[in-house]
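What follows is a set of notes on a single structure, which appears directly below.
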Amino acid sequence: MKFKKNKTVFSISTLVDVVRIPPSLFGTTLKKAAVNILKEKYESMINAELGYIIMILDAKVDEMGKMIAGDGGTFHKVQFEALTFYPKLQEIVQGEIVDITDFGAFVRIGPTDALLHLSQVMDDYLKSDVKMGLILANQSGRTLKVGSTLRARITAVSLGKAAAMGKIGITCRQPFLGADEWIEEEIKKADNPDKPTKEAKVEAS
């Protein structure tokens, strides 16, 4: 397999391969048969160089195929485009929490889930309530729950071998990261630095 990849999180990658068209598909168009075979082979695959292969978009098939003695199929060179997702270290991503565990949360980013460990949520004492699907910060009272949308930075990527499960780690322990409502609060605070915060009002009272 040969390919050219754009260096962005989501990209359209150009790949080259050889597909075997079996006799059972001789009644369909060459392009349709090749695309179906490519979808079965590549979609949902994880590749160390390409990342997550999400969808086959288009294909150009060499009409002049080759045959091998004893094989009823034909072999054709094909160049095709695939929508890919490659998580890059330090990239800022948007995601949604899909699961709460004792050790943190799994956040859906693109076609996969990344781990947000409790230690990477914020500088606070955190309690994870798996039954309630909730993470609660003791001092600030901020919460994360299943369905919460957030912004995070990718801190670890391990894609492994082709078709193996990848692992991605993310953090929210930086300014203007975390749940969307937290970021809105930080922006308002930055725009109005002299305005008392809720915490300050409580202490004053």
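Quick notes
- Scanning the stretch 33-43 for residues that are under 15 Å from Gly65 (Cβ atoms) and exposed (fewer than 13 other Cβ atoms within 10 Å of the Cβ) returns no hits.
- Unmet requirement for Ala69, which otherwise passes all of (1) surrounded by 21 or more Cβ atoms within 10 Å (Cβ to Cβ); (2) assigned to a loop (DSSP other than H, G, I, E, B): (1)
- Criterion: of a type in the set (D, E, K, R) and not assigned by TED's automatic domain parsing to the domain that holds Leu177 - qualifying residue of Asp99, Asp62: Asp62
- The one condition in (1) surrounded by fewer than 16 Cβ atoms within 10 Å (Cβ to Cβ); (2) out of contact with any helix residue (DSSP H, G or I) (no Cβ under 9 Å at 6 or more places or on another chain); (3) modelled with pLDDT of 90 or more that Phe103 fails to fulfil: (2)
- One residue alone among Gln90, Gln94 is within 20 Å of the chain's Cα centre (by Cα), within 30 Å of Pro175 (Cα to Cα) and in a loop (DSSP other than H, G, I, E, B), and that residue is Gln90.
- When Lys60 is tested against (1) more than 15 Å from Val16 (Cα to Cα); (2) at pLDDT 95 or above, only condition (1) is not met.
- Some residue of the stretch 118-141 being under 19 Å from the mean Cα position of the chain (by Cα) and of a type in the set (D, E, K, R): no
- Qualifying residues in the stretch 134-152 (those that are among the polar types (S, T, N, Q) and in a strand (DSSP E or B)) - the one nearest to Asp180 (Cα to Cα): Thr149
- Every residue from the stretch 91-121 that is in contact with a Ser or Thr (Cβ under 8 Å, 6 or more places away or on another chain) and on the phi > 0 side of the Ramachandran plot: Gly104
- In the stretch 72-87, the residue that is surrounded by the most Cβ atoms within 10 Å (Cβ to Cβ) out of those that are in contact with a Lys or Arg (Cβ under 9 Å, 6 or more places away or on another chain) and not in a strand (DSSP E or B) is Tyr86.
- Every test in (1) within 13 Å of Ile100 (Cα to Cα); (2) modelled with pLDDT under 95; (3) buried (at least 17 other Cβ atoms within 10 Å of the Cβ) is passed by Ser148 save one, and that test is (2).
- Any hit, the stretch 19-30, residues being surrounded by 14 or more Cβ atoms within 10 Å (Cβ to Cβ), assigned to a helix (DSSP H, G or I), of a type in the set (D, E, K, R) and over 24 Å from the mean Cα position of the chain (by Cα): no
The values are calculated or read from the model by the stated rules, or taken from the named source; none is laboratory data. Computed from a predicted model, the values in this text were never measured in an experiment. Glycine gets a Cβ as well: all are built from the backbone with ideal geometry, and neighbour counts include every protein chain shown.
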